[in-house]
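The values are calculated or read from the model by the stated rules, or taken from the named source; none is laboratory data. In this text the structure is predicted, and so the values were computed from the model without any measurement. As a convention, Cβ positions derive from the backbone with ideal geometry for all residues, glycine included, and neighbour counts pool all protein chains shown. Quick note on the areas: whole protein, heavy atoms, side chains included, nothing else; ligands and nucleic acids left out. Shrake-Rupley method; radii C 1.70, N 1.55, O 1.52, S 1.80 Å.
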Amino acid sequence: MLIPELIERKRNGAELSPQELHGLLEAFQSGQLADYQMSAFLMAVYFQGLSRAELDTMTRAMIGSGTRLSFQDDGRPPAVDKHSTGGVGDKVSLVLAPLLAEYGLRVPMMSGRGLGHTGGTVDKLESIPGFRTGLDLDEFRSVLDEVGCAMIRQTPEIAPLDGRLYALRDVTATVESVPLIAASIISKKVAEGIEALVLDVKFGRGAFMTEPESALELARTLVELAGSEGLHATALLTAMDEPLGVKVGNALEVREALECLEGGGPADLREVTLELCADVAVAAGVATRGEAWESMAGILDDGGARERFGRLVVAQGGDQGTLDDPDGLPSAPERLTYESPVDGMVAAADARRIGLAALVLGAGRRHVEDDVDPAVGLEVLCRVGDVVERGQPLVMIHARSEEDAAAATSRVETAIEILDEPPEEPAPLVWKRVTEDGVTDWTPDDA
């Protein structure tokens, strides 16, 4: 096998045979193919894409590069999971995992850290004093058996080839490739051993895919690829023009997740969470959408999911007292309120710019190896369409220092747009649903 020839053929748009592509990936994993050669191949894929056969081959190579868990055929409830393509204020996983576990499903969830303007579930969980996300697979299984859900960071045993490829993609501007994204996500989820998956594919200013049609392409690819690997999947396309919920920042988002788990919290967070939970119950074949929605809404309201989350925290080393008194979570010493400079209507609360303000404060990371400050962040006190008056608080900034607060304020000023006339109608919170049967528009009756 001549590596330069394979790279050249892919660069020119040719389709590699399964044997050729598998051999190339195997050579990279074994160290026979240099990083610079794989980087060139990834760039060729970025521009030329992958055929369906190539995508299947790459995904299976990633799955086969490490351990493949299995939770099927043990007589216990189905194992399910959720994946989000990332957004600002997206703390859905913190609510969804214990809610599904309380409903009766099992949730072996492996999540990532935040990067850039988007947050990460692992960082949010680690803002709880003592919470351990670095469990080994035996500990992971033990917590899952005990609690019904477990939430950990990616382990070296699961799809290690994906980890190496992603590290190269991250530094070679090849992250934004639909087939590479799809292979990365589905390989890890299949290796987790789950039976059903729900995907939250976001679009809008603060999303990875800003254009709705690009997000739809990704959702279709993800659902089809999961199906080819025997994993039942459904995807919801959800808007990310403005942050989800009110709070942005790690400990702040834990507080808001706790509010939702107690039957309160922002309406948009509750709606998206229940939609995703209902869809994964359908994908797992355990209920109709309406039945699942009604049952899980009741679980949120009666506090059952909140109690389950407390059990999860204790099982993974977290401080139960912090949950009993959320004021024990990390908090920033400085507060600064950004007020409306004029009377008018909120035309934009740009999620990306708000996410970048959180990054300036230290709530996110510019590089994978960066640390995050769990205490800092923002509370976005306005929504698009709100009528506001001059001097009305719009954003509360939680900062480590006055200088950081001032730097974040300059970002916030560009994120919040006030007009003297009604803004354009915002995108629907949930736009479309993608299943193995095709694409449908979402309507409120779906709930």
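At 1.4 Å probe size, with the rest of the protein present, what percent of the exposed accessible area of the range 188-322 is carbon and sulfur atoms? Present the calculation step by step, with values, prior to reporting the outcome.
Details: 1840 of 3880 Å².
Of the solvent-accessible surface of the range 188-322, carbon and sulfur hold 47 percent.
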For the chain, the longest principal axis of the Cα atoms and the Cα long axis of helix 267-283 enclose an angle in degrees, to the nearest 10, of 30 degrees
Percent antiparallel among DSSP beta bridges confined to the chain, rounded to 5, stands at 55 percent
Taking a label point 7 Å from the Cα of residue 145 along Cα-to-Cβ, the residues of the range 51-89 whose backbone nitrogen sits under 15 Å from it are 70-72, 74-77
The helix 250-261 Cα axis meets the longest alpha-carbon principal axis of the chain at an angle in degrees, between 0 and 90 and rounded to 10, of 80 degrees
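Mind listing which trypsin sites (Lys or Arg not before Pro) in the range 347-447 are in a DSSP loop and have 13 or fewer other Cβ atoms within 10 Å? Don't jump to the answer; show the numbers that get you there.
Numbers: sites: 352, 353, 365, 366, 383, 390, 400, 411, 432, 433; in loops: 365, 366, 383, 390, 400.
Answer by residue number: 366, 390.
Can you give the helix-only mean residue ellipticity at 222 nm for the chain, where every DSSP H stretch with n ≥ 4 adds -39500 (n - 2.57) and the sum goes over all residues, rounded to the nearest 500 deg cm²/dmol?
On the way: 17 runs with 205 residues, N = 447.
The helix-only estimate for the chain comes to -14500 deg cm²/dmol at 222 nm.
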Among [x] 25, 61, 14, 0; [y] 26, 57, 17, 0; [z] 22, 49, 25, 4, 0, the value of P(r) over Cα pairs in 20 Å bins from 0, in percent computed for this structure carries the label [y]
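Could you work out Rg/(2.2 N^0.38 Å) for the range 30-80, with Rg from alpha carbons only? Don't jump to the answer; show the numbers that get you there.
Working: Rg = 16.3 Å, N = 51, 2.2 N^0.38 = 9.8 Å.
Taking N as the residue count of the range 30-80, the ratio is 1.67.
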In the range 1-61, the GluC sites (Glu not before Pro) that sit in a DSSP loop and have at most 16 other Cβ atoms within 10 Å of their own Cβ are 15
GNM of the chain, Cα pairs under 10 angstrom: of 243, 78, 426, the biggest fluctuation goes to 426
Taking Cα atoms, the helix 289-302 axis meets the longest principal axis of the chain at an angle in degrees (rounded to 10) of 50 degrees
Rounded to the nearest 10 Å², the 1.4 Å probe accessible area of residue 295 is 50 Å²
Descending packing, highest mean Cβ count within 10 Å first, for 316-326, 297-307, 247-257 is 247-257, 297-307, 316-326
Of all GluC sites (Glu not before Pro) in the range 373-414, the ones in DSSP coil with at most 16 other Cβ atoms within 10 Å are 389
In whole percent, the Cα-Cα distances of the range 265-323 spread across 10 Å bins from 0 upward as 22, 40, 31, 7
